[in-house]
Amino acid sequence: MPMINPPRRVAVLADSDSRWKWGAALARRIAAEATLDAYFLNGRATPTERQLAEVGVVPDSSCEVTIAEFLADPRVGEADVLILALVGGGAQALLHGTARAWSALPRRPVVITGYVGVVYEKLTDGLLLRAGSDIVLANTTADAERFREVLAGVGADPGSVVETALPFLGGAQYVPAPEERRFTVCFAAQPSAPRSRSARRQLLERAAQHARRYPDRDVLVKLRSLPGEQTTHVEDFPYQRLLHELTIPAPFNLDLVYGHMSEVLDRTDLLVTVSSTAALESLHRSIPTAVLTDFGVREPLGNHYFIGSGCLASWDELDTGIVPVPDQRWLRRHGVLSDEPYRALRERISELRGLPEMPSLVPYYSESRASGYQPALLRRYGLDPKGAPLVEAPAPDQRAGALNRIVRRTVRRSARSCYRLGAQRVAPVIRRWGQL
């Protein structure tokens, strides 16, 4: 269904690789032909060039910014839609910041917030940090119901919730491997589920055992990042390093792979994970999918989200040949099977853009409503409780400290650039030399 008055410019502010993937895919779902401006928040998880390339969406412009720089950029206020692909605290800070920065504009962008993947923890906290945006996206029917109940319960607007689906769900439907192609099992790794070294090593051992048990299969360990790269969640023990700690050396048919998840799924016959959103991508394409129970079905792991899906299984069960069969009702209720999932979103955007005047952005949290929470939260993002950038003239004895902060920031940016050069240019050359 064609969109009335489609957006011509969409801006995305992202703070990590996975949130850029979500925001960029969402922008294309809203208006595929719109100009896409990418802003990457300078911080711990700012994505590298390799991570950006892995997402596969090329913006029309991109830059790395601080929050103050973003708020001062007049091009942001001229966009038709702004997608805040940020953690909850970042979204709260930007809602206050943009509300203040755009208070005198005759028109402003439609502001959208949402979640990168499944919502299995901190539901109330994360939701209220996003409340006050024009649109709060829910990726599933179940999420939409929960979000509206929470917002109504605290006196916020439940009408801001719009049900969609995860925007990166797509790809060709699964066709079983022909005889000339080896059956492929893909273990989709996560940076922090599970978190401990021993648990992660055990998962790698089990993948290797499966590969040894089935020498006619390929077992892929799909990794999110290279060692040293940062992701949305901190990865203390990368599988690349744990590979050298296996009790028995890795079998010939076990490989570590990178790249776009969709491309890896193109050759996957069984997807295995603890709780990655890759499971939803796989299920959307009707690929057999297993959500591991080896460390229990527990909230900290996130696999409790898949209760009722029919996909819970252990490595022991997979080793015996069991293939989980998903529950179709669960798939539909959790956004895996949806008819026109973005129609309501496009209609809401058109409705808002058609108003004579856009309403003011009013975040749920304010200094008066949450005096022990909101000011400190915004301060962490360099803003005062009204959303203004903190600009404090340093005293004489503080100037050296300010200079040191500038130097450290410059060094961090330089180090990131050097790492990117090493990871993307130098390392491949060295690997090629090693193969000569």
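Along each principal axis, taking the top coordinate minus the bottom one, the Cα set of the range 144-300 gives 58, 37, 29 Å in descending order. Among Thr98, Thr48, Thr247, the residue with the largest mean-square fluctuation in a Gaussian network model of the chain, with springs joining Cα atoms closer than 10 Å, is Thr247.
Site pair Glu69 and Ala199 shows an inter-label distance of 3.7 nm when each label is modelled 7 Å from Cα along Cα→Cβ. With the biggest extent put first, the Cα atoms of the chain measure 66, 54, 41 Å across the principal axes. Only DSSP H runs of four or more residues enter the estimate; each adds -39500 (n - 2.57), and after division by the residues of the chain the mean residue ellipticity at 222 nm equals -10500 deg cm²/dmol. Averaged over residues, the count of other Cβ atoms within 10 Å places the peptides 28-36, 267-275, 182-190 in the sequence 267-275, 182-190, 28-36, highest first. Apply the a/c threshold of 1.5 to the C-alpha gyration tensor of the range 1-86 and tell me whether it is rounded, prolate or oblate. Judged from the Cα gyration tensor, the range 1-86 comes out oblate (a/c at least 1.5, b/c at or above a/b). In loop segments of the range 158-192 as defined by DSSP, the GluC sites (Glu not before Pro) with at most 11 further C-beta atoms inside 10 Å of their C-beta are Glu179, Glu180.
Once all protein chains are placed together, Glu317 keeps about 70 Å² accessible to a 1.4 angstrom probe. Among the protein heavy atoms of the range 280-385, carbon and sulfur supply 50% of the accessible surface, probe 1.4 Å, non-protein parts ignored. Under 5 Å between amide hydrogens, built in the peptide plane, is the criterion, and for Ala138 it picks out Val162, Glu163, Thr164 among residues at least 5 positions away or on other chains. If I build a Gaussian network model for the chain, linking alpha-carbon pairs within less than 10 angstrom, which residue out of Gly321, Gly296, Gly23 has the largest mean-square fluctuation? Of Gly321, Gly296, Gly23, the Gaussian network model singles out Gly321 as fluctuating most.
Dipole magnitude for the range 1-51: about 100 debye, using +1 per Lys or Arg Cβ and -1 per Asp or Glu Cβ, origin at the Cα centre. Heavy-atom accessible surface of the range 11-141, averaged per residue, reaches 31 Å², computed with a 1.4 Å probe. Accessible surface ranking for Lys21, Lys386, 1.4 angstrom probe, highest first: Lys386, Lys21. For a label point 7 angstrom out from the Cα of Asp316 toward its Cβ, which stretches of the range 179-205 have the backbone nitrogen within less than 18 Å? Answer for the range 179-205: 199, 202-205.
The values are calculated or read from the model by the stated rules, or taken from the named source; none is laboratory data. What you are looking at is a predicted structure, and each value in this text was computed from that prediction instead of being measured. Methodologically, a virtual Cβ is constructed for each residue, glycine included, from the backbone with ideal geometry; neighbour enumeration extends over all protein chains shown. For the accessible areas, the whole protein counts, side chains as well, though only heavy atoms, and no ligand, DNA or RNA atoms are used. Shrake-Rupley method; radii C 1.70, N 1.55, O 1.52, S 1.80 Å.
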